Each structure stands twice: as structure tokens, then as C-alpha cells.
Amino acid sequence: MLKFTLIATAISTVLLTGCLQTQTTNSTDKATDTVQTTQTESQKANAFFEESFTREVMRSPVYQSYMGIKKDYDKWDDGSEARTLEDFALTKKDLATLNAINYDKLDAATKVSYDLMKQNLEDTIADFKWRFHTYPVNQMYGTHSMIPAFLINQHQISNISDAKAYISRLNGVPSVFAQLEEDLEIRAKKGIIAPKFVFPHVIESSKNIIKGAPFESGEDSTLLADFKRKVNKLEVKQSEKDMLISQATKSLESAIKPAYEKLISYIKTLEIRADNKDGAWKFPNGKDFYNNALARTTTTDLTAEKIHNIGLSEVTRIHDEMRIIKDKVGFKGDLKAFMQFMKTDKQFYLPNTEAGKQEYLDGAVNMIDTMKSRLDELFIVKPKADLVVKRVEAFREKAAGKAFYQQPAPDGSRPGYYYANLYDMEAMPTYQMEALAYHEGIPGHHMQIAIAQELEDMPKFRKFGRYTAYVEGWGLYSEFLPKEMGLYSDPYSDFGRLSMELWRACRLVVDTGIHAMKWTRQEGIDYYVNNTPNATSDGIKMVERHIVMPSQATAYKIGMLKILELRKMAKEKLGNKFDIREFHDVVLKNGPLPLNVLENFVDQYIASK
């Protein structure tokens, strides 16, 4: 599997040791020598952080493109088992190098980076035994869908060389898929095959890539249309454009079509061998794997049972808040009837037409623009990168999630994107539009991820790291934050906010239910349908997401609850000295962090006041 194809990766938990406060020194020669020695060791450590990160980027042509680097612009990552073992050896070598650094001589900021990297390396080594406990192709992510999405969204064509690199990548797909098939077969022999429901999604998404010209008559296929659009914008002779398009067309016919047909054929053989067991408990040592996944995702030591019970408690609380809104709008009936009303009443849904979809996008843009105008009330640091609202592309919208965010290029050449999935407008009620825009856009993921990338004097592995509970906890917290500013003025929109939070609370219940308590897929779907106002299709997609991404969905609520807990603590201890802008600065200016390390920074902020 390609190294950087996962939508979300739970990285590591960390325990900081030592004091994080910068030590003061006197003016004696001895103290000066000590400071110089400390700086030297810190410089040594930071040089290693940079070298390690850069090496990882340069070993991955895919990651290079995400970073705006064009050195290996014509290549894909090496997904072979041999390369995986080589990467593992480098990880162990990095840990040995890190351990050779004198920790006691590091300055405070470098100690944080050291601890984060050490735990990340140790976790990577410890987790190597679980590397096959995943499904490399599924309805949420995978090499089959990454290839076209990557070419369309990441492979920019600014000149003829870029266009030729695009064509080379088309020609390289058969080799990528051959490695993918080997990877899937290794898993299959270990008894790790996705449940049967996954395969029709994968097959359909793969077939969509080879629909249209030049594979068959009709409109241009997704990739040919993309290539033509990009090449036709070049300021070169028409004859050169025609030649490039002709070469790409041949590559689509000779490389892409047979590669996808071969993959589809193999996937069908896997489908025959698949069963209908849904939880990670079915894996070899599945219980230990899932407990480990929860620890990595939440960066806590919460057990599956504890997370399940937190979810049940939060569902009860949110239901009570929803009843208040139900009474406020004068609805006659119980909460279940009110949810059914919100789920079915036509006033909350835009038509499933191009005009209706454009109206949704325009509404999301307006909401984000309003929030942009009020950021000074909440933040000191703001992102430089722009944010663009975009529809999920047609070839993947049926299987893709409801909404998601794609980070900007670090060099500013590409903005951040808030993707809205408008395939089924009945799954995108207008009363949830605000909360979705705030979560994926501003002040949510764009605020957090773009600011992290733009931080100065911070190792790149921290800027571009991802701790799922931190990242998604911030996203969910960002849905709640505008409520305190007086937004969600429409009670139905406020209900939408609560329905989104309820959705994340239900995730705690269902994820643990499926993977630790052996719930079936249908039991998970029923829980969503009976406890939320969302469309049944939402419930189906969410449960299927739980199944192929064990633990990932628990990050949102656990992360949000921690941020709110830390904010409450800071408010109580600081009283009138508390400044919400400063608190947000503490949360964002240190890059992505495990939740316990974030707590350390908040403790320091409180002490400094």
C-alpha cells in the first residue's frame, strides 16, 4: 500500500519528562558556557529532526507532491514489503541516533520535540507487528481511489515537464497495483480480509475510473478530462498540447485500463473469500490490536468500556438539550418525532439538482466569510493560506464521506479545501450546514492545520504531524465555539450543531460496540437511526467507516471534551485574567500534540499568568 494514502492516521501518544520551562542563568562565565553547550546540543537535535523528516519526504514521491516538491514528480511510492522492512530499519536507526543525544543539555523547546519524536519512533516500532491489520482498499480510502484523486488534486501541470511526469505516473500505475495485490494477498493468508459489503464499493469506484473516453465512447473519462484541462491552460503551441494529450490517451488505454481491470478481477476473488464479520475482534490478536488502536487514536489510556460509557452519557445529555430546542420551536411530540420531522421535512433540504448543489456551496462560502470577519474576537494568530469550498468529485462522491478537509501546500501554491459531498442532498440538511462549515473550514481544520504548517522555528515533523484526537477534537470544538459568539441564531441550525455533536457521541458507542463488544453492522446502523435525526444513508456510511477504520471515529468527542476541560480549568484558575484568544493561541501555536502534552502547555500558560 502506498505510504501516504490514509485519510487519517493516529500517530502517537507521549509522556513528557522534565521541566518545560526555560531555565534562567546568571552572568558568570560558567553559566554562559552552559548555555552555549545547551544550544549546541539543541542545534544538533534540531538538525537531526530536519534530516529525518526530509529523508522521509524524499523517500516518498507522493508526499513530495503534497509538499509542493517536484523532484520525483514522475514516480509513485515503493509499496513493496522489502521497502517496508527497509523503512522499519531506518526507524530503528533513527531511535538509536536520538538516544545518543544528551537530553539534559537540550533547551525546553527542543526537549518537547525530542520527547514527541522519541515516542513516535517507539510507537512505530511497537506497532510494526500490526502493519497488516488494515484494509488497504475500502470505501473510505485506498490506492485505487487515491491514484485519480491525487493526480487531479495534487499533480499540478505548470509546464511540459509536469505534463510528461503526469503521463509517467499513468504508466506507473500497473506496478503500483501489482504491489497492492501482493499486499492484499499477504493479509488474506493471515485471515485479514474486509467484510463483504466493502467490495461492491471498491469495484464500483474502480470501474468509474475507466468509464468514458478513451476507454469507451462518450464524454472524457475523469483522468483524461483532468489532463486536458490542465494542459490546455499551458502557454505552449497547440501542436505540443495535442502531442501531450495523445500520449496521455495512449497511457490511459495501455496502462490505466488493464491495471484497473486486473485489480477489479482480483478484488472479485477476494470478495468470494470474505465473510460478514465486522469487528477488529476477528483479526489475529484482535482485542490487543483494538486496544492499541484506541490508545494511539485518543492519546489517552481510556479503555473501550470507558469510551463506550462516555458516549452513552453524552448521548443522554445532548438529547436533553435537543428537547429544549424542540419546545422552543413549539413542536408537539416527543424527541423521536421531532427528529423524524427534521429528517423528512422538505424545508430543510435543497433540491438534488445542480442549482440546489450550487446553492449549498454558496451558503457554505457565506458562512465561512462571516466567520472570517470575526476571527479577531477569538484568535491572535490566523492562517495565511486561503480556504476554498469544493464539491467532492463525481468519481468518488458516492462512497466518500459527508465532508472533509484537504490541507494547503506549504509553499502557498495550493489553498486549503473544504470538500462537501453533494451526491445525496438528503444527507446534507441545511440545518447542519453551519456546523459542517465551521468544522472543516474556519475556525476548524483550516485554522488548525494551516497555522501549524506556517509556524516558524518548529521542526517539520511537528508542523506536519497528525494526532487524530487533537486534530478532530479541535474540529468538533470549532463547531461549538461559534455558538458562544451568538451564531446559530436559527434554532434549527443550533439543533443541527447538536445533531452533529450527537453524531460524534454515538461514534464512541458504536465504534467500541462493533470492535470490542461484537456488535453487528446492522446493530450499529440501528443505533444511529434510533438516536439521531440523520438520514439512514448516513448511518450506513458511518458504520461502514467504523468497520474499516477501527478507533478513528472515537477521536472527535474525546478530543473535544479534553479541550473543553482544559479551557474550563484555565478559566477557573485565572478568573478575569483568562483571555480566550490566548487560550486558543496555546492550543494552536505548538502544532499538533497528544492530549496529555497539550495539557502540559495549558498548565504552563496558567502558571505564566
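Within the stretch 71-115, being touching a residue at least 24 places away in the same chain (Cβ under 8 Å) and under 30 Å from ASP162 (Cα atoms) holds for TYR73, ASP74, LYS75, TRP76, ASP77, ASP78, GLY79, SER80, GLU81, THR84, ASP87. Taking the conditions (1) free of Cβ contacts under 8 Å to residues at least 60 places away in the same chain; (2) out of contact with any strand residue (DSSP E or B) (no Cβ under 6 Å at 6 or more places or on another chain); (3) surrounded by fewer than 17 Cβ atoms within 10 Å (Cβ to Cβ) in turn, TYR423 satisfies each one other than (3).
Being surrounded by 13 or more Cβ atoms within 10 Å (Cβ to Cβ), within 19 Å of the chain's Cα centre (by Cα) and in a loop (DSSP other than H, G, I, E, B) is a description that does not apply to ARG396.
Name the single residue, out of those in the stretch 452-497 being hydrophobic (A, V, I, L, M, F, W, C) and surrounded by fewer than 22 Cβ atoms within 10 Å (Cβ to Cβ), that is nearest to MET117 (Cα to Cα).
Residues of the stretch 452-497 that are hydrophobic (A, V, I, L, M, F, W, C), as a first pass: 452, 455, 458, 461, 464, 469, 471, 474, 476, 480-481, 485, 487, 495.
From what's left, surrounded by fewer than 22 Cβ atoms within 10 Å (Cβ to Cβ): 455, 458, 461, 464, 480-481, 485, 487.
On the way: LEU455: 18, MET458: 13, PHE461: 8, PHE464: 13, PHE480: 32, LEU481: 31, MET485: 37, LEU487: 40 Å.
Once the filter is applied, the top-ranked residue is PHE461.
When you check ALA364 against the structure, is it assigned to a helix (DSSP H, G or I) and in contact with a Leu (Cβ under 8 Å, 6 or more places away or on another chain), yes or no? Taking the combined requirement at face value, the residue satisfies it. Counting the residues of the stretch 521-560 that are over 15 Å from the mean Cα position of the chain (by Cα) and either farther than 21 Å from PHE404 by Cα or of a type in the set (Ser, Thr, Tyr) (or both) gives 14.
Residues that are closer than 30 Å to LYS164 by Cβ, at pLDDT 95 or above and either surrounded by fewer than 13 Cβ atoms within 10 Å (Cβ to Cβ) or aromatic (Phe, Trp, Tyr) (or both) do not occur anywhere in the stretch 38-47. Scanning the stretch 554-582 for residues that are surrounded by fewer than 23 Cβ atoms within 10 Å (Cβ to Cβ), closer than 14 Å to GLU314 by Cβ and touching a residue at least 40 places away in the same chain (Cβ under 8 Å) turns up LEU561, LYS562, LEU564.
Would you point out which residue out of MET500, MET542 is in the same structural domain as ALA469 (by TED's automatic domain parsing), part of a helix (DSSP H, G or I) and closer than 30 Å to LEU375 by Cβ?
On the way: MET542 fails: closer than 30 Å to LEU375 by Cβ.
Answer to the check: MET500.
Taking the listed residues LEU90, LEU151, the one that is in a helix (DSSP H, G or I) and surrounded by 19 or more Cβ atoms within 10 Å (Cβ to Cβ) is LEU151, with no other qualifying.
Before we move on, is LYS402 within 19 Å of TRP503 (Cα to Cα), under 21 Å from the mean Cα position of the chain (by Cα), surrounded by 13 or more Cβ atoms within 10 Å (Cβ to Cβ) and at pLDDT below 95? Answer is yes for this residue.
The values are calculated or read from the model by the stated rules, or taken from the named source; none is laboratory data. Just so it is clear, the structure is predicted and the values come from calculations on it, not from any experiment. So basically every Cβ, Gly included, is an ideal-geometry build from the backbone, and we count neighbours across all protein chains shown.
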